[in-house]
Amino acid sequence: MNGNLKSDIISCLKKHGADIVGFGSIDRFKNSAVSHIYPDTQTVIGIAFRVLRGSHRGIEEGTTYYQYTTTGVEALEENIMPLAMLKACGIIEDHGFTALPQRRNQLLMQETDSTNPEMDYNEIYRGVTQETQLDFEHCAVQCGLGELGLHGSLLTDDFGPLQRYCFILTDAKIEASPLIKSHLCDHCGKCVSACPGKAIAADGSLDRWQCASYYKGANMSRNPFMPPEAFAEDPDRVAIIAGEAKLTPERAREVIDQIIFYPPIKHGYVSSICGKACDMACYIHLEEKGVLNKQFLTPFRKREEWRLSVSI
């Protein structure tokens, strides 16, 4: 009954936009949410979709910003990835097996006082059990998609940190992909220094509330839409707009509520003003090292990185 199932799955996923497909056997996922979500799981299928290099171009130039969130986040998460998963699940069911698609639920957080920078903090459900959602980064590694960089992003040989990913749980036993030995991340720290809000510690750990504030554009030097009078009534105005403020969750909420300089994406995603500066610094570093398989005619960073003056 299994037949050419693996090749059929890969062909289907590639036909519908997937760039990288990997398979992890259930023995790689002990003590994880996989068996809780679907106890009969024998294989986890990891599926990665590139975030177009060009989706970041407008933010790199400081000109137009919505393309990254619309094409690099929303279109992938809400349209392309679900369709590819459903089509592949249909192939698996045609072979007589069960398939359970798994995409991120952007509104679920395991931590009781944390947030997802890509979403409105008011809409997030916090404190859900660990078994509610897969550990996406761990699953990606165990499916052989890539390695984790210092700042926690999945790194692949083709795209560096520029991809998003989802999974299929199935009771079909499929040959596992080899695990990727870490070789891309050299712990250079460029992801840490690139963050406009200093949300990433030297060890790579992330302050999600700090990240959310500066992802949305609290740093004046990196936000061309911020008016000179921004945060005028805030006692920490200078530190906030310079990216120097250390924000508690309560203060982060207050700062986020004052950032109304650029419209959100229609279907609920927060527009990114930083453009995932950590990922882009990582990508540029890997590109300059010449270690990525995907080559381009010109480098991504073509001129000195721009910055605006901070008006105090």
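Please give every one of the lysines within straight-line cross-link reach of LYS173, meaning a C-alpha to C-alpha distance under 23 Å, and leave out same-chain neighbours fewer than 8 residues apart.
LYS6, LYS14, LYS15, LYS30, LYS87
Taking just the alpha carbons, could you work out the radius of gyration and Dmax for the range 5-170, both in angstroms?
16.2, 51
Return the whole-Å distance between the Cα centroid of the range 143-201 and the Cα centroid of the range 261-300.
Comparing the Cα centres of the range 143-201 and the range 261-300, I get a distance of 14 Å.
For GLU254 and HIS267, compute 0.36 nm times the residue count separating them, minus their Cα-Cα distance, and round to one decimal in nm. Don't skip to the end; give the middle numbers.
Working: separation 13, 0.36 × 13 = 4.68 nm, distance 2.29 nm.
Extending this stretch completely gives an extra 2.4 nm.
Pull up the cross-link candidates among the lysines for LYS276, meaning alpha carbon to alpha carbon under 21 Å and not fewer than 8 places away within one chain.
Within reach: LYS190, LYS198, LYS216, LYS246, LYS266, LYS289, LYS294, LYS302.
For the chain, what does the helix formula give at 222 nm: sum of -39500 (n - 2.57) over DSSP H segments with n ≥ 4, over the residue count, nearest 500 deg cm²/dmol? Could the numbers behind the result be given before it?
Numbers: 10 runs with 82 residues, N = 312.
Computed mean residue ellipticity for the chain: -7000 deg cm²/dmol.
If you average the alpha carbon positions of the range 60-86 and of the range 91-107, how far apart do those two centres end up, in angstrom?
Comparing the Cα centres of the range 60-86 and the range 91-107, I get a distance of 22 Å.
Between LEU308 and HIS95, what is 0.36 nm times their sequence separation minus the Cα-Cα distance? Round to one decimal in nm.
Gain on stretching LEU308 to HIS95: 70.9 nm.
Under 10 Å, Cα contacts only: if you run a Gaussian network model on the chain, which one of ARG222, ARG104, ARG208 comes out with the highest mean-square fluctuation?
ARG104
log₁₀ I(q)/I(0) of the chain at q = 0.08, 0.12 Å⁻¹, via Debye over equal Cα point scatterers, no solvent, to two decimals?
-0.38, -0.83
Please report the projected area of the range 152-286's Cα convex hull averaged over all directions, in nm².
Working: hull surface 43.8 nm².
Average of the hull's projected areas for the range 152-286 equals 10.9 nm².
If you stretched the chain out fully between SER221 and GLU137, how much longer would it get, using 0.36 nm times the residue separation minus the C-alpha to C-alpha distance?
Full-extension gain reported as 27.1 nm.
If R0 is 22 Å, what FRET efficiency do you get for LEU108 and LYS30 from their C-beta distance, rounded to 0.05?
0.45
Alpha carbons only, please: Rg and Dmax for the range 227-312, in angstrom.
Final numbers for Rg and Dmax: 17.0, 49 Å.
Kindly state, as a whole number, the per residue volume in cubic angstrom of the convex hull around the alpha carbon atoms of the range 53-110.
So the per-residue Cα hull volume is 103 Å³.
Determine which residues of the range 242-265 fall in the zone a paramagnetic label at ASN122 would reach in this model, i.e. backbone nitrogen under 19 Å from the point 7 Å along Cα→Cβ.
Taking a point 7 Å out along Cα→Cβ of ASN122, the residues of the range 242-265 whose backbone N falls under 19 Å are 249-265.
Quick check on packing: order 283-293, 63-73, 160-170 by the mean number of other C-beta atoms within 10 Å, highest mean leading.
Those peptides, ordered most packed to least, come out 160-170, 63-73, 283-293.
No value in this document is a laboratory result; all are computed from the given coordinates. Here the structure is a predicted model, which means the values were calculated and not measured. Neighbour counts run over all protein chains shown; Cβ positions are idealised from the backbone, glycine included.
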